[in-house]
Amino acid sequence: MAVPHPLAARLRAVGPGGILALLLAAAGALGLWVLAVGHAERRAVDAVAADARHRLEIYANNLDGAVERFDYLPSVAARDPAVSALAAAGSGHADPAAVDRVNRYLEAVNASAGSAVLYLMDAEGRTVAASNWNRPDSYVGIDFSYRPYFKDARDQGVGRFYGVGTLTRLPGYFIAAPVEHDGRRVGVLAVKIVLDALEDGWRTSHDAVLVSDRFGIVFLSSNPDWKFRARRPLAADTLKYLEESREYVGLAHPPLVLPRSLQAHPALLVERALGRYGWTIALAADAHPVAQAAATTRIGLALLLLLALASGLYVRQRVKRQGEQRLAQAALDRAYQDLERQVEARTADLRDAQAELVQAAKLAMIGQVAAGVTHELNQPLTALRALADNARLLLDQGRQAEVSQNLSHIAGLVDRMAKISSQLRNFSRRSEGPAQPVALAAAVQEALALLDRRLKEARVEVAVEVPEVTVAFDPVRLQQVLVNLIRNAEDATAGLAHPRIAITATSATLDERPAVRVAVADNGPGLDPAVRDRLFDPFVTTKPGGQGLGLGLAISLAITQEYGGQLEARDGADGGAVFLLTLPLAAVEHDDAST
Ligand code: ADP
């Protein structure tokens, strides 16, 4: 199977619209690039060319000045009578003394003028005397009749020519003037100027300068490679002329090839005509600044595009991250809702489990109670059996009085069993009704009223300090619990000289809900250490002679818990026992209080 290229996969992810947008953006960036670089290059070319034109003007003036200086030298020197006489005599008939004199004259003038060579030709073009007469490359005796400047000077009065020296092979500029004697043109006096010094100057100023003649042949240049090359193709008759005039002593003239930077920006080659000589001076400006401007623009553009790209990526990333954040938020919300549902389900499970536990605890207690009941009932049953058997024997013997005594014993035992069974019925009976608002103070008063006769007989001092609050409870059950606690307190104080019971109430909380805590305190002997840990277990009693069943506190605790309350036993601060009954306040209690 072909593995998809990662780029292809990404492009697929972007989609056709995205690809089109990307292509458009790329095309836009490319267009901007080309336009901006082109513009920068054009501006740089314009600036460089303007500067080059300025310098070209200076170079043109220098060249003009360098040549112009010698313009009148041949015509002035030709006026010398010795010169004209020698020319008139001709090379064949010259007096050596006269030649020597003119040689020295030309040598002196040449030296003071600073020209290369100054020389005199007779009417046939043969050199009669020359400033370089005493040098190995002396012109004396050489025929220059073929040189155009000779012919031009003799025939038209002035000859100008640029060419390479046939002997010296050094290029030079020749200016020639006719020599007249008795009104006749008897010869030509010519001066050769070497312009190499100009080239050196251009080279040191790092400018590529070239001077070409009327045919386009470069004869002066700061770049030696360009010399004698043709700036444009040479016509056949031009080539013929060059051959005859030996202007460039037969040198070849391959085409001039300009550097690539100039080909790319032709405007960098500035040129100007030097009218008098038919020459053209040109300056090839340095293309470096143009390349630099383009490079700077490219770098700037690249940075700009990078910035744009980075901004784009940043924005994209941000959008993506926001999307991710939204997704994460949604996932979080979902997870939260899941969790909430789970918590609810677990809570329900827990509630069920707790209910089951409560039920299990009750069953356990019922088992305990059943065991206790069996034990409690077995004793009177055994006694009943013995008493009944005994009664039959006594009846047979006719002992009526004793039978009656037995029967009253039996009646007592049955009473006790009835009492146990009625208490058990109480214990097992489920709550009759739901919790309802019960006035606490009134409930306490009613409980005290039920026990009034007993309390008075025992001369118990009862102190009650209970506020008018409403608790959420069953009124009958509340009374049952209170009666139990007060009766236990009364039992505990039995036989005391000053039995006292105090019933007080303070505010409390039950599972953070407002509640009231009722304290039933007595000045009895306090809790018996033998049973204090099991007080609330069924059939736990310390009361002698079957007075107690040990069910009161167990039933009271069960009732209290049924309605969400608490029941605890404490030692009293000044001896005695304190039973604390904490009851939830009714919700309407606040409304009652506020009205
Ligand atoms: P009974 O009253 O039948 O003994 P209860 O469950 O009411 O059964 O009481 C259990 C035991 O708790 C009592 O036998 C007694 O030892 C102890 N008790 C209850 N109230 C007090 C009290 N106010 N002072 C001391 N002991 C008490």
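Those strands (runs of 3 or more DSSP E) of the stretch 83-181 in which at least 1 residues are modelled with pLDDT of 90 or more, considering only elements entirely within it, cover 117-122, 127-130, 171-181.
The rows are residues; the columns are (1) open to solvent by less than 80 Å² (accessible area, probe 1.4 Å); (2) in contact (Cβ under 8 Å) with a residue 40 or more places away in the chain; (3) within 24 Å of D122 (Cα to Cα).
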| site | (1), (2), (3) |
| --- | --- |
| Y146 | yes, yes, yes |
| R169 | no, yes, yes |
| A177 | yes, yes, yes |
| K192 | yes, yes, yes |
| E199 | yes, no, no |
| V218 | yes, no, no |
| L234 | yes, no, no |
| D237 | no, no, no |
| S245 | yes, yes, yes |
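Of all the listed residues (Y241, Y248), the sole one being hydroxyl-bearing (S, T, Y) and outside any helix (DSSP H, G or I) is Y248.
Test P514 against the stated conditions and say whether it is open to solvent by 20 Å² or more (accessible area, probe 1.4 Å) and either modelled with pLDDT of 90 or more or more than 27 Å from R453 (Cα to Cα) (or both). Taking the combined requirement at face value, the residue satisfies it.
Strands (runs of 3 or more DSSP E) fully within the stretch 386-505 that include at least 2 residues being away from the ligand (no atom under 16 Å from the Cβ) and without any contact (Cβ under 8 Å) to a residue 60 or more places away in the chain: 461-465. Looking only at the stretch 528-552, which residues are more than 8 Å from the ligand (Cβ to nearest atom) and on the phi > 0 side of the Ramachandran plot? Result: F539, G545, G546. Scanning the stretch 561-587 for residues that are open to solvent by less than 40 Å² (accessible area, probe 1.4 Å), part of a loop (DSSP other than H, G, I, E, B) and either of a type outside the set (A, V, I, L, M) or within 16 Å of the ligand (Cβ to nearest atom) (or both) yields a count of 5.
Residues in the stretch 320-332: is at least one over 30 Å from R203 (Cβ atoms), open to solvent by 90 Å² or more (accessible area, probe 1.4 Å), at pLDDT below 85 and part of a helix (DSSP H, G or I)? Checking the stretch 320-332: at least one residue is over 30 Å from R203 (Cβ atoms), open to solvent by 90 Å² or more (accessible area, probe 1.4 Å), at pLDDT below 85 and part of a helix (DSSP H, G or I). Entry remark, the stretch 464-487: residues being over 16 Å from A441 (Cα atoms) and modelled with pLDDT of 95 or more number 0 in total.
Restricting attention to the stretch 404-432 and to residues that are at pLDDT below 70 and charged (D, E, K, R), the residue that is surrounded by the fewest Cβ atoms within 10 Å (Cβ to Cβ) turns out to be R430.
Within the stretch 115-132, the set of residues being crowded, with 24+ Cβ neighbours inside 10 Å and in contact with an Asp or Glu (Cβ under 6 Å, 6 or more places away or on another chain) comprises V128, S131. Note on the stretch 156-167: residues that are aliphatic (A, V, I, L, M) and either open to solvent by 50 Å² or more (accessible area, probe 1.4 Å) or closer than 16 Å to S75 by Cβ (or both) amount to 2. Filtering the stretch 506-530 to residues that are in a loop (DSSP other than H, G, I, E, B) and over 21 Å from Q561 (Cα atoms) leaves N523, G524, P525, G526, L527, D528, P529, A530.
The values are calculated or read from the model by the stated rules, or taken from the named source; none is laboratory data. Here the structure is a predicted model, which means the values were calculated and not measured. Heads up, the Cβs are rebuilt from the backbone with ideal geometry, glycines too, and the neighbour counts pull from every protein chain shown. Quick note on the areas: whole protein, heavy atoms, side chains included, nothing else; ligands and nucleic acids left out. Shrake-Rupley method; radii C 1.70, N 1.55, O 1.52, S 1.80 Å.
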